[in-house]
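Submitted below is the structure of interest, expressed as structure tokens.
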Amino acid sequence: MGNITDDIRQHFDTFAELPFTEADSLALSQLAYARMPDNVPRYHENAETADGMIATVPIHDLLRAECYDDMFGKVWSPSMNVDLLRAMSESPRWRNLRVGAYVDEFDAETTKQFSACVFELGNGTLYVAFRGTDSSIVGWKEDFMMAFRRPVASQEAAARYLTELAGHWAGPIMVGGHSKGGNLAIYAAVNAESAAKNRILGVYNNDGPGFHHEFLTTEAYKSMSHLLHTFIPNSSVVGMLLEHEESYQVIASTAKAFLQHAPLSWEVLGTK
């Protein structure tokens with residue numbers, strides 16, 4: 001078995017031929033780690049088209065060799081991330097993918113490390129992707145604060161982001177992320193306004209930490225629980241933090257111990 005990049009290079013079904021899969025979600029969650037170049041529209045009031053929709057650019061616009069160091073230099077295995085981007089840009093399944101609404105917020109004073117973007121799949125569906133923890137001390141500090149502060153700054157930002165972006169999108173929505181990004185995806189979906197929540201098809205948590213018991217017993221969480229898809233590697237550490245109520249699938253990885261946290265080490269067979 002290969003990883004998500006191998007899978008993309010071997011299977012060319014379009015979304016019309018093969019509906020969205022858990023492997024697709026993992027690929028987008030990983031791509032969300034990129035520090036998007038300046039040509040990707042930013043998340044602010046002016047990042048809209050004339051008709052009020054979300055401004056985006058084609059995925060192949062990210063294929064800029066001079067930008068790769070800035071995009072992936074702080075991500076685990078930069079070369080593997082470039083390979084993923086190239087594979088997606090070349091694939092019949094992904095070549096109509098578009099990206100926009102990029103945000104990257106960092107505030108040491110409030111202990112906030114938050115980043116997200118949206119992907120238009122080309123079939124009328126929007127995937128809202130939240131980045132996981134970066135390599136900064138502030139990012140890890142915010143993770144630790146999840147143990148005693150409810151909510152943390154990035155969780156509040158994620159809920160606002162999803163609700164606002166949903167207001168500029170008429171079709172179905174999926175939400176996901178890896179590591180802290182998976183936690184943010186669940187929190188945002190549970191706390192989004194009803195107009196956004198009613199159009200969510202699925203929420204994908206790839207080895208993200210859980211929540212406090214109080215959050216898991218709320219009616220808002222229970223109403224979304226049937227849409228949650230959680231995946232953890234065999235030696236999960238991050239994904240086992242705090243509490244989970246949802247069921248989860250255990251994934252095989254080519255890495256060992258804590259390094260199994262890296263999504264590009266997860267084994268993929270077909271759509272699984």
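Quick one: in the range 155-179, which of the residues that are assigned to a loop (DSSP other than H, G, I, E, B) and not polar (S, T, N, Q) is nearest to N198 (Cα to Cα)?
P172
Okay, moving on. Can you say whether M88 is part of a helix (DSSP H, G or I) and either under 20 Å from V175 (Cβ atoms) or at pLDDT below 95 (or both), as far as the supplied structure shows?
yes
Within the range 2-38, work out how many residues are charged (D, E, K, R), part of a loop (DSSP other than H, G, I, E, B) and buried (at least 17 other Cβ atoms within 10 Å of the Cβ).
Number satisfying all stated conditions: 1.
Quick one: F114 ticks every box in (1) crowded, with 19+ Cβ neighbours inside 10 Å; (2) at pLDDT 95 or above except a single one, so which number is it?
Among (1) crowded, with 19+ Cβ neighbours inside 10 Å; (2) at pLDDT 95 or above, the lone unmet condition for F114 is (2).
In addition: Quickly run through the range 75-97 and pick out the residues that are in contact with a Gly (Cβ under 7 Å, 6 or more places away or on another chain) and either among the charged types (D, E, K, R) or surrounded by 18 or more Cβ atoms within 10 Å (Cβ to Cβ) (or both).
Passing the criteria: only L97.
OK, next. Take the range 142-154 and flag every residue that is crowded, with 23+ Cβ neighbours inside 10 Å and either modelled with pLDDT of 95 or more or assigned to a helix (DSSP H, G or I) (or both).
Answer for the range 142-154, where residues must be crowded, with 23+ Cβ neighbours inside 10 Å and either modelled with pLDDT of 95 or more or assigned to a helix (DSSP H, G or I) (or both): E142, S154.
Given the conditions (1) open to solvent by 40 Å² or more (accessible area, probe 1.4 Å); (2) modelled with pLDDT under 90, report the number of the one that G122 does not fulfil.
Result: G122 fails condition (2) only.
Next question, about the same structure. Restricting to the range 184-237, count the residues that are open to solvent by 20 Å² or more (accessible area, probe 1.4 Å), assigned to a loop (DSSP other than H, G, I, E, B) and either within 18 Å of L26 (Cα to Cα) or modelled with pLDDT under 95 (or both).
The total comes to 9.
Could you please tell me which pairs satisfy a Cβ distance under 6 Å, a separation of 6+ or placement on different chains, a first residue in the range 111-129 that is closer than 17 Å to A166 by Cβ and free of Cβ contacts under 8 Å to residues at least 60 places away in the same chain, and a second residue that is surrounded by fewer than 20 Cβ atoms within 10 Å (Cβ to Cβ) and among the small types (G, A, S)?
The qualifying pairs are G124/G171.
The values are calculated or read from the model by the stated rules, or taken from the named source; none is laboratory data. These numbers come from a predicted model, not from an experiment. All Cβ positions, glycine included, derive from the backbone under ideal geometry; neighbour counts span all protein chains shown. Heads up: the accessible areas ignore ligands, DNA and RNA and are worked out on the full protein's heavy atoms, side chains in. Shrake-Rupley method; radii C 1.70, N 1.55, O 1.52, S 1.80 Å.
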